[in-house]
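This report refers to the structure that appears directly beneath it.
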Amino acid sequence: MSTKRVLSGMQASGRLHLGNLLGALANWTRLQQEYDCYYFIADWHALSSSYQDTHEIQTFVQEIAIDWLCAGIDPDKATLFIQSRVPEHAELHLLLSMITPVPWLERNPTYKEKQQELAGRDLSTYGFLGYPVLQAADIVIYKAHFVPVGIDQLPHLELAREIVRRFNHLYGREVFVEPEALLSEAPKVPGTDGRKMSKSYDNCIYLSDDRETVRQKVRTMVTDPARVRREDPGDPEVCPVFDIHKILTPEAEREECAEGCRTAAIGCLDCKGVLLPHLEQTMEPFFEKRSELASRPKDALEVIEEGSKRARLVAKATMEEVREAMGM
Ligand code: TRP
Ligand code: SF4
C-alpha cells in the first residue's frame with residue numbers, strides 16, 4: 001500500500017443525493033483501494049451557515065454515515081470520522097487563524113458566492129469568513145498529500161497551501177505538507193428540473209429515496225424542453241435525462257436512445273425506461289441496505305466513533321509538533 005495520504009470531507013448540511021454519489025463517493029471508494037484515506041463529516045463547518053438552526057445537523061451526520069457505508073466506503077480500508085470528535089482541529093484552527101491575513105479570506109471567490117447564494121441568512125460572521133481556515137486545519141493536521149474535491153473547492157485548497165507555506169516559513173520547519181487537489185472528472189449530474197442537482201433547488205434524487213420515489217422522479221424529470229409532443233424530434237444534447245444516460249448507460253444502448261430521440265422513433269418515457277434499470281442498479285445497495293442500517297443508526301455511528309479515535313491519535317501527534325514549532 002502506498003503511504004500517500006488522502007483526506008476529504010463532507011459538510012453535514014443535508015442528505016446526500018445522486019450527485020454526491022456519482023461525483024465524490026464513487027471517487028472515494030476507488031481511492032481507498034490505493035491510498036491511506038481519511039474521510040470525515042464536517043459538522044462544525046455545517047454550523048457556519050446553519051448556526052441559527054442546528055437541530056438537523058446530528059441527523060445529517062447519521063444519515064451521511066449510513067450513505068457512506070452503503071456506497072462502499074469501507075471502515076477497514078479508510079479512517080472515517082466526525083470533525084467535532086477530534087477537537088484538535090479546533091485548536092489548530094485557532095493557531096492558524098493567528099497567521100492568516102484577513103484579506104486572503106476576503107478575496108476568496110467561494111466566500112463571496114456562498115454569501116450571495118445564501119442571501120437569506122446572515123453570514124457576516126467571523127466563523128463564516130474563517131471557514132477555509134478551519135478547512136485548512138482539517139487537511140494539514142493529517143499531513144494529507146491529496147484532497148479529492150470539486151472545482152468549487154480549489155480556492156480553499158490554494159489557501160490551505162498558502163497557510164502551510166506561511167507556517168513552515170514563520171516557524172522554520174516543515175511541519176506541514178502542502179496538500180494537492182485531486183480533481184475528479186466530476187460528471188455533470190442534473191436534477192429533476194434540469195438544473196444542477198442541489199438540495200437548495202429541491203430537485204434531488206436522494207440516496208435515501210426508495211425505489212418507487214426514484215421511479216416517480218425519473219418519470220417526471222424534465223427533458224428537451226423543445227420536445228413537447230411525442231411526434232416532435234428531440235435533441236439529446238440539451239436533455240438533462242441524457243446527461244444521466246451519459247454517466248450510467250452503456251454506449252450502444254445510449255446511442256440507440258439518442259437516435260430514437262432525434263427521429264422521434266421513441267418517446268421520452270421509453271428513453272427513461274432504458275435509463276431506469278441502470279439507475280436502479282447504481283442505487284441497488286441503497287435500496288437493499290439502507291433501511292436496515294437506518295433501523296439501527298447507532299451501529300453506523302459507532303463505526304465513525306471508532307474511526308474518530310484513530311484519527312485523533314494522528315491529529316494529536318501533529319499538534320505536538322505544532323506546539324513545539326511555535327514554542328507554545
Ligand atoms: N468545504 C467542503 C465542502 O463544502 C467540506 C470540507 C470541510 C472539506 N473540510 C474539508 C473538504 C477538508 C475537503 C477537505 O464540500
Ligand atoms: Fe431526452 Fe430521451 Fe426524451 Fe430525447 S427521448 S428528449 S434524450 S428523455
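A few points about this structure:
- Filter pass, Leu159 being outside any loop (DSSP other than H, G, I, E, B), over 18 Å from the mean Cα position of the chain (by Cα), at pLDDT 95 or above and hydrophobic (A, V, I, L, M, F, W, C): yes
- Meets criteria (surrounded by fewer than 17 Cβ atoms within 10 Å (Cβ to Cβ), closer than 26 Å to Gly23 by Cα, more than 14 Å from ligand 1 (Cβ to nearest atom) and small (Gly, Ala, Ser)) for Gly72: yes
- Reported count of residues in region 264-275, each being assigned to a helix (DSSP H, G or I) and surrounded by fewer than 16 Cβ atoms within 10 Å (Cβ to Cβ), is 3.
- Enumeration of residues in region 145-175 that are more than 15 Å from Pro132 (Cα to Cα), buried (at least 19 other Cβ atoms within 10 Å of the Cβ) and either within 10 Å of ligand 1 (Cβ to nearest atom) or of a type in the set (Gly, Ala, Ser) (or both): Pro148
- Residue match in region 196-215 (condition: over 30 Å from Leu47 (Cβ atoms) and crowded, with 18+ Cβ neighbours inside 10 Å): yes
- Checked against the criterion of being within 11 Å of ligand 2 (Cβ to nearest atom), part of a helix (DSSP H, G or I) and more than 30 Å from Lys112 (Cα to Cα), region 245-253 has at least one qualifying residue.
- Checking Leu25, Leu7 one by one, the residue that is within 15 Å of ligand 1 (Cβ to nearest atom) and either in a helix (DSSP H, G or I) or among the hydroxyl-bearing types (Ser, Thr, Tyr) (or both) is Leu25 and no other.
- Of Glu292, Glu302, Glu324, all but one fail to be closer than 30 Å to Glu174 by Cβ, assigned to a helix (DSSP H, G or I) and without any contact (Cβ under 8 Å) to a residue 24 or more places away in the chain; the exception is Glu324.
- Selection status of Thr213, within 14 Å of ligand 2 (Cβ to nearest atom) and at pLDDT 95 or above: no
- Residue match in region 281-289 (condition: in contact with a Ser or Thr (Cβ under 6 Å, 6 or more places away or on another chain) and away from ligand 2 (no atom under 16 Å from the Cβ)): no
- Considering Asp74, Asp67, Asp36, the condition of being over 28 Å from Leu123 (Cα atoms), touching a residue at least 12 places away in the same chain (Cβ under 8 Å), acidic (Asp, Glu) and touching a Leu at 6+ places or on another chain (Cβ under 6 Å) is satisfied by Asp67 alone.
The values are calculated or read from the model by the stated rules, or taken from the named source; none is laboratory data. These figures come from a predicted structure and were not determined experimentally. All Cβ positions, even for glycine, are placed from backbone atoms using ideal geometry, and neighbour counts span all protein chains on display.
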